[in-house]
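The values are calculated or read from the model by the stated rules, or taken from the named source; none is laboratory data. None of the values given here were measured: they were computed from a predicted structure. So basically every Cβ, Gly included, is an ideal-geometry build from the backbone, and we count neighbours across all protein chains shown. In case anyone asks, the SASA skips ligands and DNA or RNA and just uses the protein heavy atoms, side chains included. Shrake-Rupley method; radii C 1.70, N 1.55, O 1.52, S 1.80 Å.
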Amino acid sequence: RQHEAPRRVKRAWVIPPISVSENHKRIPHLLVQIKSDKQQPGGVIYSIKGPGVDEEPLGIFSIDKFSGKVFLNAMLDREENDRYRLRAFALDLGGVTLEDPTDLEIIVVDQNDNRPLFRQDVFTGRVVEGAEPGTCVMTVDATDADDPDTDNAALRYSILEQGAAGMFSINATTGEICTARPGLDRETMGVYNLTVQAADMSGDGLTTTAMAVIYLEDINDNPPEFTKEEFSMEVEEQATGVDVGKVFVHDKDLAGSPNWLAKFTILEGDPEGAFAIRTDPHTNDGVLSVVKPLDHEVRDRFELTVSVRNERALEPSAPASPRALATVRVRVRDVNEAPVFRENPRRISVLEGTPPGTPITTYTASDPDTHQIQTLSYALLYDPADWLQLDPHAGTVRTKRELLHPSAFLQGGWYIALVLARDDAEPPLSATGTLSIEILEVNDHAPQLQPPAGVLCGRPGRGGTLLLGATDDDRPPHGAPFHFQLSPQHPQLARNWSIARFNGEVTHAVLAVLAELPEGPYSLPLLLRDSGTPPREQQQLLNVSVCHCGRDGTCLDGALAAATAGAGITLGALLIILGSTILLLVLAALGAARVRGRRRALRKGLLQRSGDDMRDNILNYDEQGGGEEDQDAYDINQLRHPELFSSRAKPPLRRDAPLSSGTPTGPRKLPSSPSDIEDFINEGLEAADSDPSVPPYDTALIYDYEGSGSVASPLSSIVSSLTDEDQDYDYLNEWGPRFRRLADLYG
């Protein structure tokens, strides 16, 4: 195969690059003329295509299609487009290509038409004051849009202005700014404003400027100083926690920084630590305050030596200076002070039963105002039981009445009173003192035998003992243990009786029979003594009922035990009483039915007013007596045998009436015959109702009193439970006006 020889391109059709300067002002400008070797006169049509022709930007280049001349039709900007690549075509008149398309390259030549530009208008840097020369602070930089390969973009930096000191220099090529001299002092000049310049053409072309601001950072190179050497202040005595005044300082370092913040110390003049000084964080001044109360009478002025320094230590490079000191003079103003009870509370002891008017203590206060003449007065502020009286001038406390124990106003044996002391200043001030009075127990009560009666078996040994007890109103140590003994005045008792301590108890003893005794009541005089100082003793009678003994040593006579036992009975007697009580309950249940039938039979008899003697009715149904302990009732024999009581006899005395009540003005006339008992009772009721000196109960009601110490249980509840619910009281309406009230209540 034969190789085809390279095709020869004619020189006229190969177009070398064409250079044209940007910003060319002669428009249109001939750039080049292209020709085809196959050119026939008037037979070739030329054309170009590419950016600037038929592509954006349009209309920059054009060609004469007959001559092949290429023209520049607009100014070029190298910063927008530094070269254009076009294609040239040659065609005949029929549109047939005569030559292959050829490249046409147009190069835009740069001109220095752009100034340098700093990246920012203001550059900021910081450097500590006192920095050594050569300490770099910051770098400024600029750019140039011109061709970087030409001098049009070769930049140089310089400082146009920085003040007279010339403290900074700049690297012309890199734009780095550094310190040039020593002596940077923030307190002298804290900010430096530099005007820097960038120029192209290696410093000879176009220029631009910017600001470089350099701040000096503070170091602690200046100690604080007092604005003056002496300060004067004053404060009221007794004031605490208050500010007295300020001491003023000045520090050249940066305000608000640790290098500026001051710290104060009181060096001399306050040995008791009555003052304190702190720093005001806003003004950096020292604030002097009182932390302990001051007393004008003790010390009326202070002279303090105060020093100041920074919270942060001074830099080694700072110049040496003496310690800053100032003198602060404080005057203490005198004011009225409240009285003071030096002993508060005051504790004293007083015997109970101390007679009224007895001085028990003198409780006074002192006035701290020794430089002022004042008089103190006293008053009782709190005396809940009104037991005390107080001398308003001397402060002497006396008893107003007997201090008795126990009392609701005592707390653990102590009586609390408050005393008020007041001066006569204007305005007056007062103080309160607490008076604590211990009421000491006095042995003023003898022990009492409890119970005063009992029942025991009269046989020595089993059952022949009785447990005795005693009580004492005094508090320990004036009470138990108690000592029981038979009365020394009756030595014959020791033949039949003995008393011994009960199992080590301090409040009980055991009475024992030494010889077999006949049944019946016995009164034993006993001597009881407490353990007080001095001891109190009292002789008391013990009523003992000796019962009939069983084989096991218990009493067989339950009725006797129930009548006289009391609280100090033996176990055998207690069992007898319980058995008797059960028997009585059974008898009461059986008798309830009989009473119910008897009342129904009585209803018709009363309505018919039978001719039976009224005395029989009263004796059979209404004579209930006064119970086991009723010793104050009238003698019922007056109603049974009125003829035995003449009109001249002494009128019956109501022994149940108070001692102050008087007797009637004259005896009531007794009924002349037993059938007039009803009238006799009515007259007695009228006499009792009209007598203002007796309690509000009449003669008839006195027979309803049954006493309050019965051993047996009451039977009324048993009867009522059997009869009240089904009892018909409608017959009371038929008994007349005297029973109308009962008919209203029960009918």
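So with the 1.4 Å probe, I'd like the accessible area per residue for the range 280-366, rounded to whole Å².
Details: 4740 Å² over 87 residues.
Spelled out: the 1.4 Å probe surface of the range 280-366, per residue, equals 54 Å².
When N counts the residues of the range 127-261, how does its alpha-carbon radius of gyration compare numerically with 2.2 N^0.38 Å, as a ratio? Show your work: numbers first, answer last.
Details: Rg = 24.5 Å, N = 135, 2.2 N^0.38 = 14.2 Å.
Normalised Cα radius of gyration, the range 127-261: 1.72.
Greater than 22 Å separation of Cα atoms is the criterion. Which listed pairs, 246/292; 25/69; 25/65, meet it? Show your work: numbers first, answer last.
Values: 246/292 18 Å; 25/69 19 Å; 25/65 24 Å.
Violating the 22 Å Cα-Cα cut-off are 25/65.
Find the Rg to Rh ratio for the range 192-341, where Rh is the Kirkwood radius over alpha-carbon pairs and Rg uses the same atoms.
Working: Rg = 24.9 Å, Rh = 18.8 Å.
Looking at the range 192-341, the ratio lands at 1.33.
After finding the eigenvalues of the alpha carbon gyration tensor for the range 448-547, what semi-axes result from the square roots of 5 times each, listed largest first in whole Å? Don't skip to the end; give the middle numbers.
Details: eigenvalues 122, 35, 25 Å².
That gives 25, 13, 11 Å for the three semi-axes.
Could you tell me how many cubic angstrom of Cα convex hull volume the range 230-308 has per residue? Don't skip to the answer; put the middle values down first.
Values: hull volume 6.9 nm³, N = 79.
Looking at the range 230-308, the number lands at 87 Å³ per residue.
Give me a comma-separated list of calculated 3J(HN,Hα) values for the range 468-478, in order, Karplus coefficients 6.51, -1.76, 1.60 applied at θ = phi - 60°, integers in Hz, x for any Gly or Pro.
Computed from phi, the couplings for the range 468-478 are 10, x, 8, 10, 9, 6, 7, 8, x, x, 9 Hz.
Quickly rank 426-433, 319-326 as a protection proxy: mean count of other C-beta atoms within 10 Å, highest first.
Final packing ranking: 426-433, 319-326.
Hey, could you get me the Stokes-Einstein D for the range 156-222, Kirkwood radius over alpha-carbon pairs, 10 °C and 1.306 mPa s, rounded to whole µm² s⁻¹?
On the way: Rh = 13.0 Å.
Answer, rounded: 122 µm²/s.
How big is D, in µm² s⁻¹, for the range 346-440 by Stokes-Einstein at 10 °C and 1.306 mPa s if Rh is the Kirkwood radius over C-alpha pairs? Could the numbers behind the result be given before it?
Numbers: Rh = 14.0 Å.
For the chosen part, D equals 113 µm²/s.
Using a cut-off of 13 Å between beta-carbons, work out the net charge of the residues near residue 33 (Lys and Arg +1, Asp and Glu -1, residue 33 not included).
Details: positive: 35, 65, 69; negative: 64.
Result for the local shell: +2.
So which trypsin sites (Lys or Arg not before Pro) in the range 413-505 pass both tests, a DSSP loop state and at most 15 other Cβ atoms within 10 Å of the Cβ?
Within the range 413-505, the qualifying trypsin sites (Lys or Arg not before Pro) (loop, at most 15 other Cβ atoms within 10 Å) are 462.
Quick one: net charge around residue 305, please, counting Lys, Arg +1 and Asp, Glu -1 for every other residue with C-beta under 13 Å from its C-beta. Don't jump to the answer; show the numbers that get you there.
Numbers: positive: 323, 329; negative: 229, 230, 268, 270, 303.
Once positives and negatives cancel, what remains is -3.
With θ set to phi - 60° and the Karplus curve 6.51 cos²θ - 1.76 cosθ + 1.60, what are the ³J(HN,Hα) couplings of the range 230-242 in order, to the nearest whole Hz, using x for Gly and Pro?
10, 10, 10, 8, 8, 8, 6, 5, 6, 7, 9, x, 10
Got a sec to turn the phi values of the range 48-64 into Karplus ³J(HN,Hα) couplings, 6.51 cos²θ - 1.76 cosθ + 1.60 with θ = phi - 60°, whole Hz, x for Gly and Pro?
Whole-Hz 3J(HN,Hα) from phi for the range 48-64: 10, 9, x, x, x, 10, 10, 10, 4, x, 7, x, 7, 10, 8, 9, 7.
Near residue 361, within a Cβ-to-Cβ distance under 15 Å, what is the net charge of the other residues, with Lys and Arg +1 and Asp and Glu -1?
Working: positive: 342, 346, 347, 398, 400; negative: 343, 383, 391, 438.
So the surrounding residues net to +1.
How compact and how long is the range 18-109, expressed as Rg and Dmax of its alpha-carbon atoms in Å?
13.5, 42
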